[in-house]
Amino acid sequence: MTESMENQQILLAARPNGMPTEETFEFREVPIADPKAGEVLVRTLYLSVDPYMRGRMSDAKSYVEPFQVNEVIPGGIVGEVVQSESDHLKVGDKVIGMLGWQKYNTVEATTVRQVDETIAPLSAYLSVLGMTGLTAYFGLLDIGQPKAGETVVVSGAAGAVGMVVGQIAKIKGARVVGIAGSEKKTTFLEQELGFDATINYKTTDNMEQALDEACPNGVDVYFDNVGGPISDAVMNRLNDFARIPVCGAISSYNKTDDDLGPRIQPKLIKSHAMIKGFVVQDYADRFKEGTQDLGKWLSEGRIKYEETIVEGFDNVPQAFLGLFKGENLGKQLVKVSEPSE
């Protein structure tokens, strides 16, 4: 492979105000760089799009540096080594890493990790065995600490994180209530994943009443993926010493005005509840532990996962925008290319 061959990449063209559009992104062609000593050339097989990326498109202060305008957008990628100048990886090895949204990445071999496709499909390393699975694992078990017989409520329950949260809670013996945005999703959660009850927030006229019916014994753990009015309603049903892992707030990511809500401090005081925001990198030194448990439960059939896969690099922006319209069931991925035979 030589530098004369073209590589296609996606850059952040402009910081969005409100909902991103296709104009937020720019496609560009550049030469493919041959790897130097210690480097590998990785061809993208699967590319992950995630809600947190919306926050990084803004330049507001956050837990991680924002994406830079006119630079390639980075994200989770599973790829195949097609050229190697490293002793650690050979041609044909499948790897995962935080790489650029492009068809080819030339990187230091130490910045990617080899994955074993005999254990699980390659795409699973971007979902149940990847960052989303680990987010569910640590957020629920470290912060939520569900106990047998307790009620766990999960918002965004049909997303990549939410569906794993619910299944781990079931493994721990909890009653699990999932909140999602379509009948297809709520049916999947109940019939395929074993959730005890579900609420379709898009067709529910009275969320307070729906929660009362789904949670007759109150709420012990609320895994919050969405924020907004749904979370406001759940806060009114907290039991004493409830735990609230705050993973996301997708309901407000594209708002251009202030996201106002009720004051929750009195509710937290009266219920002795604990609320804690987190990001998965907080647990980086324990990833091996989480991956081992998730892999074990997956092999035992105690955890299932679902993916929504869009085909084609050209469709990466549409796949990303679809996250905010609730189009995905489970992890949203883009399949860019097929692995070599």
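The values are calculated or read from the model by the stated rules, or taken from the named source; none is laboratory data. In this text, all values refer to a predicted model and were calculated from it rather than measured experimentally. Note: ideal-geometry Cβ built from the backbone for every residue, glycine included; neighbour counts use all protein chains shown.
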Every residue from segment 140-173 that is over 12 Å from Tyr222 (Cα atoms) and over 19 Å from the mean Cα position of the chain (by Cα)
Lys147, Ala148, Gly149, Lys170, Ile171, Lys172, Gly173
I want to confirm something. Restricting to segment 299-341 and keeping residues that are within 13 Å of Val128 (Cα to Cα) and of a type in the set (Gly, Ala, Ser), which single residue is modelled with the lowest pLDDT?
Gly330
Just to be sure I understand, how many residues within segment 191-212 are in contact (Cβ under 8 Å) with a residue 12 or more places away in the chain and either surrounded by 22 or more Cβ atoms within 10 Å (Cβ to Cβ) or not small (Gly, Ala, Ser) (or both)?
14
For segment 150-173, name all the residues that are of a type in the set (A, V, I, L, M, F, W, C) and surrounded by fewer than 24 Cβ atoms within 10 Å (Cβ to Cβ).
Ile171
When segment 104-124 is examined, which residues are found to be closer than 19 Å to Phe67 by Cβ and touching a residue at least 40 places away in the same chain (Cβ under 8 Å)?
Asn105, Val107
State whether one or more residues within segment 255-262 are assigned by TED's automatic domain parsing to the domain that holds Tyr137 and in contact (Cβ under 8 Å) with a residue 40 or more places away in the chain.
yes
Given the condition over 30 Å from Gln265 (Cβ atoms) and buried (at least 19 other Cβ atoms within 10 Å of the Cβ), answer yes or no: does some residue in segment 276-284 qualify?
no
What number of residues in segment 327-341 are assigned to a loop (DSSP other than H, G, I, E, B) and over 13 Å from the mean Cα position of the chain (by Cα)?
7
Candidate set: segment 44-97, residues that are basic (Lys, Arg) and out of contact with any strand residue (DSSP E or B) (no Cβ under 6 Å at 6 or more places or on another chain); chosen: the one farthest from Val310 (Cα to Cα):
Lys61
Every residue from segment 188-211 that is in contact with a strand residue (DSSP E or B) (Cβ under 8 Å, 6 or more places away or on another chain) and either among the basic types (Lys, Arg) or at pLDDT below 95 (or both)
none
Filter result for the condition that a residue is among the aliphatic types (A, V, I, L, M) and modelled with pLDDT under 95, over Ala160, Ala169, Ala174:
Ala160
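Quick grid of which residues meet (1) within 25 Å of the chain's Cα centre (by Cα); (2) part of a loop (DSSP other than H, G, I, E, B); (3) assigned by TED's automatic domain parsing to the domain that holds Asn105:
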position	(1), (2), (3)
Glu23	yes, no, yes
Glu29	no, no, yes
Leu45	yes, no, yes
Met53	yes, no, yes
Val64	yes, yes, yes
Phe67	yes, yes, yes
Glu80	yes, no, yes
For segment 99-128, give me the residue count where each residue is within 30 Å of Gly277 (Cβ to Cβ) and surrounded by fewer than 24 Cβ atoms within 10 Å (Cβ to Cβ).
8
For segment 129-142, what are the residues that are out of contact with any Gly (no Cβ under 9 Å at 6 or more places or on another chain) and surrounded by fewer than 22 Cβ atoms within 10 Å (Cβ to Cβ)?
Asp142
What residue, among those in segment 6-21 that are touching a Pro at 6+ places or on another chain (Cβ under 9 Å) and polar (S, T, N, Q), is surrounded by the fewest Cβ atoms within 10 Å (Cβ to Cβ)?
Thr21
